[in-house]
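Notes for the one structure printed next.
The values are calculated or read from the model by the stated rules, or taken from the named source; none is laboratory data. These numbers were taken from a predicted model, which means no experiment stands behind them. Cβ atoms come from the backbone with ideal geometry, glycine included; neighbour counts cover every protein chain shown.
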Amino acid sequence: MDVFVEHDSLTAWTSVCFTTRERMWRIDHAAGSEAALSAFEDVFLDESRCNECLDRPNCETYREYHLLDESANARTIYTFREEVHNCHSIPHYVHDHVGDGVVFESRRKGNEYQWRVLYPDEQPVGELYDTIEAQLREGLTLSLSRLSSAGNWDAESRVAAELTPEQREVLSAAVDNGYYSRPRAVTVDDLSETLGVPRSTVQYRLRNAEDLVVSQFVEKGL
């Protein structure tokens, strides 16, 4: 059984993924319960398995998986692949269709594996869709939606782009001065004095910044 289906708490996402015809390298992050992460490691770090093939359970290509970081609720993993043209994966088909210069993001939770692909607009997407769909093994389906704008590519960049300078200033001051420590080292009044800004203004900017960060995290990070 797929570990993402078996463990509801398990989520994985790719922060970096690049590919050429011969090689692919990526960094993935996984979060979930201890049991979910243990099951994830058993599958994902098994170098005898391919984590990417669409048309078969495995492929005879070279791959390395390295655990870069771990905590009670998260893992960070580096993957290096060779002979990518022999692995029938989303990165392979996109690169074969478009060529070099493609940027990927992915996210996996439950029974969905979502890919976000940035490539030149002049490349027709219908042919790529047909090629991938024709290779799907039994039990897999494909859906496609086209983004009208690339926007800021990852959640962190989106937040950084949308915060106003004033929001960024008050949020940075709150972090630097221990406002989010437990127990709190400072109050809104203290931040107001530090920044030389009225208390009501500090509270308004801080609340708006927090709302933006949390909403973007929930929308794009879960």
Restricting to the stretch 22-54, what's the tally of residues that are under 23 Å from LEU142 (Cα atoms), of a type in the set (D, E, K, R) and in a loop (DSSP other than H, G, I, E, B)? 2
Only one of VAL170, VAL103, VAL159 that is touching a Leu at 6+ places or on another chain (Cβ under 6 Å), surrounded by 11 or more Cβ atoms within 10 Å (Cβ to Cβ) and either at pLDDT below 85 or small (Gly, Ala, Ser) (or both): VAL103
Restricting to strands (runs of 3 or more DSSP E) lying wholly in the stretch 68-124: which have 3 or more residues that are within 13 Å of ASN51 (Cβ to Cβ) and touching a residue at least 40 places away in the same chain (Cβ under 8 Å)? 74-82
Look at ASP130 and say whether it is acidic (Asp, Glu), closer than 18 Å to CYS17 by Cα, at pLDDT 85 or above and outside any loop (DSSP other than H, G, I, E, B). no
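Under the condition of being in a helix (DSSP H, G or I) and farther than 24 Å from ILE27 by Cα, which residue from the stretch 133-156 is modelled with the lowest pLDDT?
Per the criteria, the residue is GLN135.
Kindly indicate whether THR164 is of a type outside the set (A, V, I, L, M), surrounded by 12 or more Cβ atoms within 10 Å (Cβ to Cβ) and modelled with pLDDT of 85 or more.
Here the answer is no, as THR164 does not meet what is asked.
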Please go through the stretch 1-42 and give me each residue that is under 19 Å from the mean Cα position of the chain (by Cα) and either of a type in the set (A, V, I, L, M) or surrounded by fewer than 13 Cβ atoms within 10 Å (Cβ to Cβ) (or both), ordered by number. VAL3, VAL5, ASP8, LEU10, ALA12, VAL16, MET24, ILE27, ALA30, ALA31, ALA36, LEU37
